[in-house]
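Shown next, in structure tokens, is the structure this report addresses.
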Amino acid sequence: MLSDEGSPGGQIDTSTAHSARIYDYIIGGTDYYPADKEAGDAMSREWPAMPIHMRANRDFMHRAVRYLAEEAGVRQFLDIGTGIPTSPNVHETAQAAAPDSRVVYVDSDPIVLTLSRDLLASDPAGKTAYVEADMRDPAAILAAPELRDTLDLSRPVALMVIAIVHFVMDEDDAVGIVRRLLEPLPSGSYLAMSIGTAEFAPDEVGRVAREYAKRGMPMRLRTMAEAEEFFQGLDLVEPGIAQVHKWRPDGTVTEEIRDEDIAMYGAVARKP
């Protein structure tokens, strides 16, 4: 756990819980503050499956990146809402399969910038970069010099939007944001997403959502039909949209996972 005195330049509000740091705490990381621990403990009391759910989302991200690098041949990744750099990160997973992979990370939390040295330790054959920006401003992300210096937008890019859109409210138009990020990417690019839902454990997940909202982090959980909207016009990779633990399992997860312990849909789709 980080000490309050360790916050850089007073940029980080250590008295208020943050979704990325709560996530880091629950999956066993070290980059969180007491307020994040308190929030994570409260949420796990409301829904004891929280750690299982969050690890399953992380495992889905790794499988999606491996699929994109190994089977789809993608060498460029744009990771929106990166969060705390918990190893293995996107670039570590991608570069293990293809050392020349290039990754741009995007996040708006100052602590991620502070810890970004862990995100920039690229294989010499590839490259990584970090952009501090809010996903609700796609134009700023796409115009960032760090992105333009790292990614060639004339070649396919995998847009990673993992466990973030449930913090985007309807007035901010999450589907429109994702479409604007996809728009300049060429044919053969991919979208990989995980999308929060309460369809499998409505009472428990509803209580967790209330805990987030009490701390100034309202959530917009989505149905399967609403998740499908993100992928309109794209070609879904088998098995389509599924709970994250059911998306192309590779046998590396040994714990038994019940459907009611997972509150996230996941999918990967190709841009025609």
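Values quoted throughout were computed directly from the atomic coordinates according to the rules given, and no laboratory measurement underlies them. No experiment lies behind these values; they were computed from the predicted model shown. Cβ placement follows ideal geometry from the backbone for every residue including glycine, while neighbour counts extend to all protein chains displayed.
With contacts defined as alpha carbon pairs under 8 Å and 6 or more residues apart, what's the relative contact order of the stretch 88-199 in percent?
Details: 160 pairs, mean separation 25.8, N = 112.
Relative contact order, the stretch 88-199: 23 percent.
Computed over the stretch 4-270, relative contact order equals 18 percent, with contacts defined as Cα pairs under 8 Å that lie 6+ residues apart.
Other residues with beta-carbon under 15 Å from the beta-carbon of Leu153 carry, at +1 per Lys or Arg and -1 per Asp or Glu, a net charge of +3. With contacts taken as Cα pairs under 8 Å and at least 6 residues apart, the stretch 23-95 reaches a relative contact order of 31 percent.
Hey, of [x] 18; [y] 15; [z] 8, which did the structure itself give for percent of Cα pairs over 36 Å apart when calculated? Matching entry in [x] 18; [y] 15; [z] 8: [z]. Of all DSSP bridge pairs formed entirely within the stretch 4-270, close to 35 percent run antiparallel.
Quick one: His62, His245, fewest Cβ neighbours within 10 Å first, how do they rank? Could you put the intermediate results ahead of the total?
Numbers: His62 18, His245 22.
So the ranking, lowest neighbour count to highest, is His62, His245.
Calculate, in nm to one decimal, what Glu226 and Asp134 gain on full extension: separation in residues at 0.36 nm each, minus their alpha carbon distance.
Gain in length upon complete extension: 30.9 nm.
In this label model, Glu260 and Leu120 are separated by 4.8 nm, measuring between points 7 Å along each Cα→Cβ vector. Pairs of Lys residues in the chain that lie 8 or more places apart, or on two chains, and have C-alpha atoms under 30 angstrom apart add up to 4. With both labels modelled 7 Å from their Cα along Cα-to-Cβ, the Leu153 to Lys214 distance reads 4.3 nm.
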